[in-house]
Structures are given as structure tokens and as C-alpha cells.
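Please read the structure below before turning to the comments.
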Amino acid sequence: MAECSAALTTTHGNSYPLGPSKVADNCWNFAVFAPDATGMTLCLYQPDTEEELAELAFTGRTGSIWHLQVSDISDGTLYALKADGPANSVAGLRFDKDRVLIDPYARKLNRAQVWQTEPYHQKSHLALAKGVLDPAAFSWHETAFDWQKSTKPAIAREKTVIYEAHVKGLTMLHPDVPDALRGTYLGLCHASIINHLQQLGITTVQLLPVAAFMAEPRLTGLGLTNYWGYNPVNFFAPDPRYQLEDAVAEFKQMVRTLHQHGIEVILDVVFNHSAEAGDDGPLLSFRGLADRHYYLFHSHADMVDYHNYCNFTGCGNTLNIANPATQKLVMDALRYWLTEMQVDGFRFDLAVTLGREHKRFNPYASFFQIIAQDPVISQAKLIAEPWDIGPFGYHLGQFPANWSELNDKCRDTFRAFWRGDKGVLADFATRLLGSRDIFQKHHKPASCSVNFLTYHDGFTLEDVVSYNDKHNWQNAEQNRDGHSHNLSTNHGVEGPTNDPQVIARRYQHKRNLAATLLLSQGMIHWLGGDELSHNQGGNNNAYCQDNPISWLNWQLDGQQQKFLQFVRQMLTLRKQFSCLQQISLQDDHYQLHGDKHKVCWFLADGTEKQQHDWHDPERAICIFRITNRHTGKALLFVFNGAGQSVPLTLPEQKAGEGWQCLFDTAHNDGLACNSKSIETQYLQAAHSISVWQ
């Protein structure tokens, strides 16, 4: 190691930019934020064996930044950091000069980070993945990736249909994806996957976390893993778990291919906590460099308790986004993914944490202000999960107007209505028309509401209609994990059944839920696999199941094929009628241009609904008409949540005009009606939807 060290030339270097940056051939600059450190060491390793090459002391420091420039480093060399300083955890100082750390600004890791108990406690460098000095991770370099003139699709918010998917789970069982590509970035952009997305009508793929992560030591000890990836060790590097050879290049190829087919890519990002967990958690990166700057802590008697990490995330710690250094880290990561990796936007996990200042959520927090004025980030799709588990953590509708927010009220109300719960009709109608009680007209468009039925953390659509209760025993927590408020029903049998009547009721229920979502005003979120009738055996928290519980099964029977066809039909219908994407009412001045619409509500006898009709808890039929004020063309929607058929008198149109049924979820498996007959009277079957023009 001494001979190699002697062959390298070092200078003080520069404090900007943070992380590694290539200055010239075989010459790299390193800059690290570590204000409380008394020394910093750069560790270099062989690319193939991780054999130690050199340890070089940082000789430059400017304020809080340590920096060093090193010549004669070959491209592809691995690196890590060591930080020296006081080992005084009471003061929030957890330095260990012998502990190897991952650079928070590493753009690429040589391998997946996996917890290894013995190497970690021995302080072996083999316990951690290493950063890779790869010039191809920087767009200015001559080896920059060839984007082949592909551009971002820039889908309007109101036209966006999101497909939530896991990189591995989407393709692991797909028969047309080559074995070598299954579960990888390249597998996700295989022609068979793109064809499925296009036939379905998807505009945007939202990927569960792809930034480098580590499974919790507890899970590793149980032989499980953090399959979802919500436990980051780095915010820049795509996780090597999903690579064939080069995660950065292959991720870019995936994005390029999807863009070439008109499909956007949104990343689920986790800037609320890290894999370093709580007080007894490991030193992997942030904690070993600047513990009391990167994290939030509780205080007692005006004294900060650095052993008591704020846990607003349920994962042991909470990142302090209000700290300038942490804020810069997050902003730099967002810009990197948007520019270098060319993604189209982000879904922010537990986004309330990002807006906490002095531990309370502030809708005008500096985090939101910086994003609003940033010319790159402000133009991306920004989706908030508008809650965390900290005090006063629920803030649906309180994010800026250029953000969209997960609307869990849509999920709960849609499920409750079709389960047959009483007294939800008025709320059901409100959710259908864009939740304007939450996203007020004049100030926000309906596309601020991200409407969904299911998400990765919960029942799949198939399980919503197949289970009354969660069945999470395989998660090794005695079925205590996962929420119990699922608003589901099993239709008489818990789990799988061969009873044709039960199966028929379940598919009818699924068609009603899917149609309700895809006819609602707002941005649509579809959980990947629901169209395939994917089930997780009643597991509503499959975060640790890297197996067929989570992997999508592409082998469909006849009924599953018909349901897939129904979902395709509904998305085609949504695309066909602009009023299903975004209605603009006469009294809503948020958008003055474009078509204006009128909405009228009706009773089953064809008369207009009155105010008192909304307050009847027994009423379970919702009928409304959307009319284009410019063309006079109209659509009529009938939602019958009652347990019996209801005779309808369809509302009168112009003289001589009647209504033509587009589809009815109770007939022909919900597929399009072939009849061209014009109707004025109709018998709406129990638990069904029909749409008319």
C-alpha cells in the first residue's frame, strides 16, 4: 500500500463540487462535508478484488468542507472515506477513524450494500460497498451516455396515468423477458414490458426506490430482505441489485428506451431517513461524517439529546432537511436524477418530513421555496405522500399547487362505497369530481389529487375483494405489521376459492372499483399487477418478500384476461373523452382557456337531485351528467352501490335524443356494449356502473 501511495500525487484540491469530480485524465477532486471532523482520509481500492491500494489524508479544508485532489488514479478505481474526530455521542459526535464510510455523493457503487455482522464489527472495509470513480457518471465527460436524441415526453398532469412498479418484481416471472434480463433495469425496458404498458394506456412508470439501499440487520438475520428498498444508504447511486454489469449505464438505457416509446419515468425517493437507523444503528455514511447535522434529535430542558433521534418515519431516524447541508444534498440528488439520469419526476416518501421546520410541518418551508424557484426541479412531476408518523403528520391538500398529492380519501371512499358502507354517497361524489373540498377550485387543479385504489403498501386489488383480514405471517412479526383498516370484503370465503358465484362477485367488485378510479377527476395511479389480478395471499405489507408473493404472475386464465381487457378499455375511454381527464366548470377560474363543462346530478327517476337528497344514508345510487358547454355533447354516469337493481329514467336531452350505453360492469364482463340502440329507460343491476353518451 505504501508503494502505491507514493506513486500518487496529491494537492489541496477544491471545496466544490461536493463528492468526486474528474479534473483531468486520471485526476480526481474529492470534497466532503464534515464540519466537526479533525481529519479525513481517502481510501482507494482495486476494482475487482477491493484490495486496498492507498490511504491518503485530506490536506485541504475550507469551512465545513474537506477537499483533496489526487492524480494518477485509474478510472474505475474504488474509493471510500474515513473520518477522524471526537467519539462523543452525547455531543452528537460519532467519529471512528478506523471505520470506512460511503461517500454521500458517490454516483455509483461497486456492489449492493448488504449487512454483514462480523465484518462490520471487525471494522473491515469489506463490510461496505465502495464508490466507483466512473467518468461516465458525469455528463460533461467525453464518454457521456448517448441519449440518441430522445427527449422527455412531458405528459400533462391531467393526462398522466401512473403505473407503480418494482424493477425486479415486474419482470422476474415474465415468460418473454430473457432469463438474464429478468429483475433488472434492462428487463424493465424489454419490448414485451413496453408493449404491455402501451396496450394498457400507461403514460408514466413510477419505480419503487432504486437509489442504493440496505436491508435492516434484523431482516437479514431472519433470512428476509427489504425488498421495497425504503432504507437508503446513498441518494445518487442506482442500486447494483438490478444491474447486469453497470447500474448507471443500464439505468440510463432503461430511461432512454421508455422515453423513446413516450413513457415517463418517476422515481420513488426516500429523503426522510437513512439505513443508519436509531441510536444503536450502524455507521455507514452520514452518521460517521456529520451526525448532528444530517439528523433531527429530540430536546429536553432546551438541551439536545443526541441519543434520542426523532423518529417521524418509523425507521429509527429522521433527516434534518432544514439543515443547509442536508438540504443541499437532497437538491443536488434531485438535479442529478433529472439531468444526468433524465428521469421525469419524483414521488416523495413521507413528504411531510421534508417540510418540517422546528419539527413542525410548514407548507412554506424553505425546501418547497427552493424547489419552486429551481429552473430544473420545478418543472418535474412532484408527487407528495402528504403524511409521516410524527406529531401532526397528516397534511393532505397543503402542498404547493405545482405538487400533486396521494389522496388516500379517494381510496377509502371508493372502497367503502363498493363494500356497501352506509352514508358515504356524498363523499363518494366529491371524490369522483376531484376532491374539491381539499383541492379548492380557483387555486388548484383537480390533477393535484393523485387518485388510487391500491398502493405497494397495502392489499392488491385482488386481495381487496378476497380477504377480510390481513395475513402477514410470513413477515415474521406475528401478523402485527401492516394496517388493519383495509375496507375490504372476501364475498363469503377468505382467500382463494373455486366457487363460481364468489368468483363472479369478486370480478364484478373489481370492475366497479377500477371503473370508479378511471372515471374520477385527478391524476391516476395504478398499482402494477392489479390489471393481472395479482394477489399477495392477503399480505398487505410485503416489504420483505422478495419472492413470488411480490413478483407479478403473467400467466393469466380466461377471467383474468377479460379483466385485463376491461382495464385497457377503461383507460382507452378515459383518453377518448377529455372531460374524463379534466373538467373545467364555469365557476372555476383556475384555467380560463379550453372547454367549460356543466355537471348535473340526478335521481333514478330522471329528476335533478336536491340538497336534502344527499343526506339520505340509505341512498346508494349516484347519477351525474357532464356536458360540454361548447359542443353540447354529454356523458352520463350511473353508479349503483345498492344490493338491488334500480329502474332508471335517463335524463332528457334535446328533442329526439336519447342515450347510448358505452358499457355496463354487470354485463358482458364489463366490456363495451355492441348495441347501438337509444335508451330512455334502463334497469341498472345491483352493484354496477354504466356510462352513456
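The values are calculated or read from the model by the stated rules, or taken from the named source; none is laboratory data. Given the structure is predicted, the values throughout are model-derived calculations rather than measurements. Heads up, the Cβs are rebuilt from the backbone with ideal geometry, glycines too, and the neighbour counts pull from every protein chain shown. Ligands, DNA and RNA are stripped out before the accessible areas are found, and what is left, the full protein with its side chains, is counted by its heavy atoms. Shrake-Rupley method; radii C 1.70, N 1.55, O 1.52, S 1.80 Å.
Observations
- Percentage, to the nearest whole number, of Cα pairs in the chain over 40 Å apart: 35 percent
- Label point at residue 422 placed 7 Å out along Cα→Cβ; residues across segment 448-492 whose backbone nitrogen lies under 20 Å: 487-489
- Ligands, DNA and RNA left out, the accessible area of segment 569-668 computed with a 1.4 Å probe is 50% carbon and sulfur.
- Between residue 279 and residue 12, the contour length at 0.36 nm per residue exceeds the Cα-Cα span by 92.7 nm.
- Using the Cβ-Cβ distance between residue 389 and residue 683 with R0 set to 60 Å, the FRET efficiency from 1/(1 + (r/R0)^6) comes to roughly 0.80.
- Here the relative contact order of the chain, from alpha carbon pairs under 8 Å that lie six or more residues apart, stands at 10 percent.
- Segment residue 673-residue 173, length gained on full extension (0.36 nm per residue, minus Cα span): 176.6 nm
- Taking the protein heavy atoms of segment 404-491 in the context of the full set of protein chains, the accessible area attributed to carbon and sulfur is 47 percent at 1.4 Å.
- R0 of 51 Å, Cβ-Cβ distance residue 84-residue 440: FRET efficiency to nearest 0.05: 0.40
- Residue-normalised accessible area of the chain, given per residue in Å² at a 1.4 Å probe: 38 Å²
- Pairwise FRET efficiency - residue 74 versus residue 304, Cβ, R0 = 56 Å, nearest 0.05: 0.80
- Pairwise centroid distance, computed over Cα atoms, of segment 66-96 with segment 673-693, Å: 69 Å
- Peptides 129-138, 623-632, 413-422 ranked from most to least packed give 129-138, 413-422, 623-632, packing being the mean of other C-beta atoms within 10 angstrom over each peptide's residues.
- Heavy-atom SASA rank of 218, 411 (probe 1.4 Å, accessible area, largest first): 218, 411
- Mean residue ellipticity (222 nm) of the chain, computed from DSSP H runs ≥ 4 via -39,500 (n - 2.57), nearest 500: -6000 deg cm²/dmol
- Out-of-range pairs (alpha-carbon distance over 25 Å; input 575/598; 510/633; 108/159; 562/596; 422/575): 510/633; 108/159; 562/596; 422/575
- Surface composition of segment 161-252: carbon and sulfur make up 53 percent of the accessible area, probe 1.4 Å.
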